[in-house]
Amino acid sequence: MSLAGAWKLGDVTVDRMGFGAMRITANPDRSVAVDVLRRAVELGVNHVDTAAFYASPGGTLRVGSGAKRSANELIREALAPYPSGLVITTKVGPGEDPERGFYNATTAAELRAQVELNLTQLGVDRLDVVNLRVPGAGSIAERFEWLVALRDEGLIGQLGVSNVSLEQVEEALAIAPIVCVQNSYAVDRRRSEDPLIDFLAEREIAYVPFFAIAGAARESGAATDHSAELQAIATAHDATPAQVRLAWTLHRSLNILAIPGTGDPAHLEENIAAGSLTLSADEVATLSLGSAS
């Protein structure tokens, strides 16, 4: 394990510094994406986050000729046969259909098809962890029950939820155990999530933030609008602002699992190194107070 430490995903333990696969399809050079994935594992990553709908532009998400280059298939090419201890977490709910384009699953059959696509692309008989990503407010009970049924069939090992409120988490927990919650969160974004993080920590459930580096920039990439306090702390540690963002995220709570993503080998090394960046209590408090919203 790295200096970032470890936390549990249900019945498995993973390094708190993981890898998010969303960005690896953007590089037109397939070999670079494969190398980044392999290097991540070499550096100690044993938690990879992905989804069937993480794919390169053009084509469709079907498997085979003419398909988009999916993150799942890149993971399979780079890492299969998968090393012992590697946990691959995927998500379902959003999907893509050649005729409809992107959609959110509204039937049990659609959700099953998404699970089966992930199984095929990754080349496995069972998915380690599957998050139900929901489109917004409202009850998630029916959709989560569909996923529980697929778990009971043996297609899924453990369950999580994504893009959810505390109320939706409680609704899921009343149906079946979850091992993680994956929401958007950063030092300067969605700090209203803090009570949810504490709620999960008390129950030893992992909180997995996405856009921890990007912040408000979201899919556009790493944030560039850093506070003076964050920039000063980065300078003091001879670190990049992105590394300080990641370090603060890991300092926020022990149940947080970071999943920074990149298709750039140099950025991968920087992200992993952020796991060993130690911030003082005063620095954590300065960033927390200055960015809470």
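Please treat every number below as a calculation from the coordinates, not as lab data. Remember, predicted model here, so these are calculated numbers, not experimental data. Note that each Cβ is placed from the backbone with ideal geometry, even for glycine, and that neighbours are counted across all protein chains shown.
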Nearest-20 debye value, the chain charge dipole, Cβ charges on Lys, Arg, Asp, Glu: 480
Can you compute the charge dipole magnitude of segment 75-211 about its Cα centre, using +1 on each Lys and Arg Cβ and -1 on each Asp and Glu Cβ, nothing else charged? Give it in debye, rounded to the nearest 20. 260
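Taking the beta-carbon count within 10 Å as an exposure proxy, list L9, L147 from fewest neighbours to most.
Working: L9 22, L147 29.
Ranked by crowding around the Cβ, least crowded first: L9, L147.
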Tell me, T235, T90 in order of fewest to most beta-carbon neighbours within 10 Å? T235, T90
Can you list residues whose amide H is under 5 Å from G20's amide H, if they're 5+ apart or on another chain and H is modeled 1.01 Å from N? D49, G261, T262
Rounded to the nearest 5, what % of the DSSP beta bridges within segment 104-201 are antiparallel ones? 10
Rounded to whole Hz and in sequence order, give me ³J(HN,Hα) for segment 161-176 from the Karplus expression 6.51 cos²θ - 1.76 cosθ + 1.60, θ = phi - 60°, writing x for Gly and Pro. 9, 9, 6, 10, 8, 4, 4, 5, 4, 4, 5, 5, 4, 6, 9, 7
Order of H251, H237 under a 10 Å beta carbon neighbour criterion, fewest first: H237, H251
So how do 130-141, 14-25, 159-170 stack up, highest first, on mean other-Cβ count within 10 Å? 14-25, 159-170, 130-141
Taking the alpha-carbon centre of each part, the distance from segment 117-142 to segment 93-110 in Å is 12
Taking the dipole of the chain about the Cα centre (Lys, Arg +1; Asp, Glu -1; charges at Cβ), the one of W146, P28, G157 that reaches farthest to the positive side is P28
Which angle from 0 to 90°, rounded to the nearest 10, does the C-alpha axis of helix 108-122 make with the longest principal axis of the chain? 70
Rounding to the nearest 10 and keeping the result within 0 to 90°, find how far the Cα-based axis of helix 241-252 lies from the longest principal axis of the chain. 80
